[in-house]
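Novice: I have a structure here, written as structure tokens, and I will follow up with some questions on it.
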Amino acid sequence: MRHERIERNFPVVKISIPKATPNELQRGEDAAIAVFSRAGISPAQAADGISLREAWDIAGFPDDFDISDQDMDNASVWDEADHAAVKAACAQWAQQGRSPPLSAHLQLVTDPATQLVDRTTALALLRSRVEEATKPSEYLDATIGDLAWIVAADVEDERHAQELVNEVTIAFTALQLSSFRPVDPVDPKRQAVLNAIDTLEKRSG
């Protein structure tokens, strides 16, 4: 059993640490990249390792899962890079009486036009895509979650942030799927997405 590997053209990483300043985030990202450089692997290779390890975990760690020692080593480098990012970004937090998070939520950037936008742009993109969601499409819009997480980036309660993001993505998926059931009323589903986005904006601002 083999987890599909994904070709990535943008070996760039970003981190998400609530209430971190742009300079702190940049220090964290630089520290993460330094870990990959020292290990001699790309962020994309390490991300593949993490993806495989997570897929193996979800599958229940079967003996026949095709994951190599190198894949596991690459995943460990990703873990190390995430830890280094937190340490570098939050180096001064103890002096300020602040507790650093357990993870920098390190992410490989494969779609800069979506993943690297600011909060205001992310909100605008979310709302604009609501209007396009009912157009027939072979694929669901996988960028909605990324945009929602950008809006929720400064929510320190990770569980609450996840709930807010889930409300948006679930409502949006229901709206997109309405194109397969034209007999169902669309307007209530569209309004449900807009309401979820409004809630996300208010509770994460």
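The values are calculated or read from the model by the stated rules, or taken from the named source; none is laboratory data. Keep in mind the model is a prediction, meaning the values are calculated, not measured. When we count neighbours, we look across all protein chains shown, and the Cβ atoms used for this are built from the backbone with ideal geometry, even at glycine. The accessibility values were calculated without ligands, DNA or RNA, using every heavy atom of the protein model including side chains. Shrake-Rupley method; radii C 1.70, N 1.55, O 1.52, S 1.80 Å.
Novice: Gain in length, R181 to E80, computed as 0.36 nm per residue apart minus the alpha-carbon separation, to one decimal in nm?
Specialist: 31.7 nm
Novice: With runs of 4+ DSSP H residues as the only contributors, calculate the mean residue ellipticity of the chain at 222 nm using -39,500 (n - 2.57) per run, divided by the residue total and rounded to the nearest 500. Don't skip to the answer; put the middle values down first.
Specialist: Details: 8 runs with 119 residues, N = 205.
It lands at -19000 deg cm²/dmol.
Novice: Mind putting a number on the dipole of the range 87-176 about its Cα centre? Charges go on the C-beta only, +1 for Lys and Arg and -1 for Asp and Glu, and I need it in Debye to the nearest 20.
Specialist: Value, rounded to 20: 240 debye.
Novice: Out of all Cα-Cα pairs in the range 65-132, roughly what percent, to the nearest whole number, are more than 17 Å apart?
Specialist: Roughly 65 percent, rounded to a whole number.
Novice: Any number yet on Rg/Rh for the range 39-90, C-alpha, Kirkwood?
Specialist: 1.05
Novice: Once you have the Kirkwood Rh of the chain from its Cα pairs, apply Stokes-Einstein at 37 °C and 0.692 mPa s and quote D in µm²/s.
Specialist: Values: Rh = 18.7 Å.
Estimated via Stokes-Einstein, D reaches 176 µm²/s.
Novice: First compute the accessible area of the chain with a 1.4 Å probe, then give the percent of it belonging to carbon and sulfur atoms.
Specialist: Answer for the chain is 52 percent, counting heavy atoms of protein chains only.
Novice: In addition: Listed highest first by mean packing, meaning other Cβ atoms within 10 Å per residue, what order do 62-71, 165-174 come in?
Specialist: So the peptides 62-71, 165-174, ranked by packing, come out 165-174, 62-71.
Novice: Angle, helix 22-39 long axis vs. longest principal axis of the chain, Cα atoms, 0 to 90°, nearest 10?
Specialist: 60
Novice: Residues of the range 79-95 with amide nitrogen under 12 Å from the 7 Å Cα-to-Cβ point of R38?
Specialist: 80-85, 88
Novice: Under 16 Å Cα to Cα from K189, which lysines show up? Leave out anything in the same chain fewer than 8 places away.
Specialist: K135
Novice: Which of the lysines could a cross-linker bridge to K19, judged by Cα under 27 Å and excluding same-chain residues fewer than eight apart?
Specialist: K87, K202
Novice: Which one, P18, A85, L140, is farthest towards the positive end of the dipole of the range 1-153 when Lys and Arg carry +1 and Asp and Glu -1 on their Cβ?
Specialist: With unit charges placed on the Cβ atoms, the residue in question is P18.
Novice: Would you kindly derive the ³J(HN,Hα) couplings of the range 190-205 from the backbone phi angles with the Karplus curve 6.51 cos²θ - 1.76 cosθ + 1.60 (θ = phi - 60°), listing them in order in whole Hz, with x for Gly and Pro?
Specialist: Ordered by residue, 3J(HN,Hα) equals 5, 5, 5, 5, 4, 5, 5, 5, 4, 5, 4, 5, 5, 8, 10, x Hz.
Novice: Still on this structure, I have one more. Quick one: accessible area per residue over the chain, 1.4 Å probe, rounded to a whole number of Å²?
Specialist: Value returned for the chain: 58 Å² of accessible area per residue.
Novice: Follow-up. Before anything else, pin down the relative contact order of the chain: Cα pairs under 8 Å, at least 6 apart, normalised by residue count, whole percent.
Specialist: With pairs under 8 Å counted, the relative contact order is 22 percent.
Novice: Angle check, please: helix 158-177 long axis (alpha carbons) against the longest principal axis of the chain (alpha carbons), in degrees 0 to 90, nearest 10.
Specialist: 40
Novice: Can you give me the long-range amide H partners of V109? Hydrogens built in the peptide plane at 1.01 Å from N, cutoff under 5 Å, separation of 5 or more residues or another chain.
Specialist: For V109, whose amide H was placed from the backbone, the distant partners under 5 Å are V12, V13, K14.
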